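For reference, the structure is listed below as structure tokens.
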Amino acid sequence: LDLAERALRHDLAQCADVDGSLQVDDGWRSVLYLGTGSTGIGLALAAFLKHRTGTGLGEALASIRLAARGQFTVFPGLLDGRAGLLYFLTAAGHGADDAAALQGHRRDLWRHAVPHGDGLAFPGRHLVRLSM
């Protein structure tokens, strides 16, 4: 757990405060996605905090949850889009604000759906391919 805490603190040091939320500072943009952003760190942090408390890292998780509540996202995917934010809030969300944001992500997932054949598909990474 000591090594995990050290790794989490290292990753959190790469984050910036964006209007009260915590997002990875990528140099030219702030990233909150599961694959490369703060919600990925938050998923590991939530698992860590189940085993160790009193580290002062709970506030970081709350700030990452705030980032995941934002309803605008260009991409639908798990690692870099709405599905990942939805997953993060399902796994690490807490309280009425997170529940409302989770419901919003579920509701808005349809915005990414593309009619394809007899069903629906969702654009893949960078909206280049369709996933059925």
Please give the number of the condition Gly95 fails out of (1) modelled with pLDDT under 95; (2) more than 28 Å from Ala4 (Cα to Cα); (3) small (Gly, Ala, Ser). (2)
Just checking, how many residues over the stretch 45-66 are part of a helix (DSSP H, G or I) and either touching a helix residue (DSSP H, G or I) at 6+ places or on another chain (Cβ under 7 Å) or farther than 18 Å from Leu22 by Cα (or both)? 9
If a residue has to be in a loop (DSSP other than H, G, I, E, B) and under 14 Å from Leu66 (Cα atoms) to count, how many in the stretch 78-98 make the cut? 3
Residue count for the stretch 1-41, restricted to those that are closer than 10 Å to Ile64 by Cα, surrounded by 14 or more Cβ atoms within 10 Å (Cβ to Cβ) and out of contact with any strand residue (DSSP E or B) (no Cβ under 8 Å at 6 or more places or on another chain): 3
Taking the conditions exactly as written (of a type in the set (D, E, K, R) and either assigned to a strand (DSSP E or B) or surrounded by 19 or more Cβ atoms within 10 Å (Cβ to Cβ) (or both)), does Asp108 satisfy them or not? no
If we keep only residues of the stretch 1-34 that are among the polar types (S, T, N, Q) and in a strand (DSSP E or B), then the residue farthest from Thr90 (Cα to Cα) is Ser30
Please find, among Gly77, Gly93, the residue that is of a type outside the set (D, E, K, R), in contact (Cβ under 8 Å) with a residue 40 or more places away in the chain and surrounded by 12 or more Cβ atoms within 10 Å (Cβ to Cβ). Gly77
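The values are calculated or read from the model by the stated rules, or taken from the named source; none is laboratory data. Quick caveat: nothing in here was measured; it's all calculated off a predicted structure. In this analysis, Cβ positions are derived from the backbone assuming ideal geometry, glycine residues included, and neighbour counts consider all displayed protein chains.
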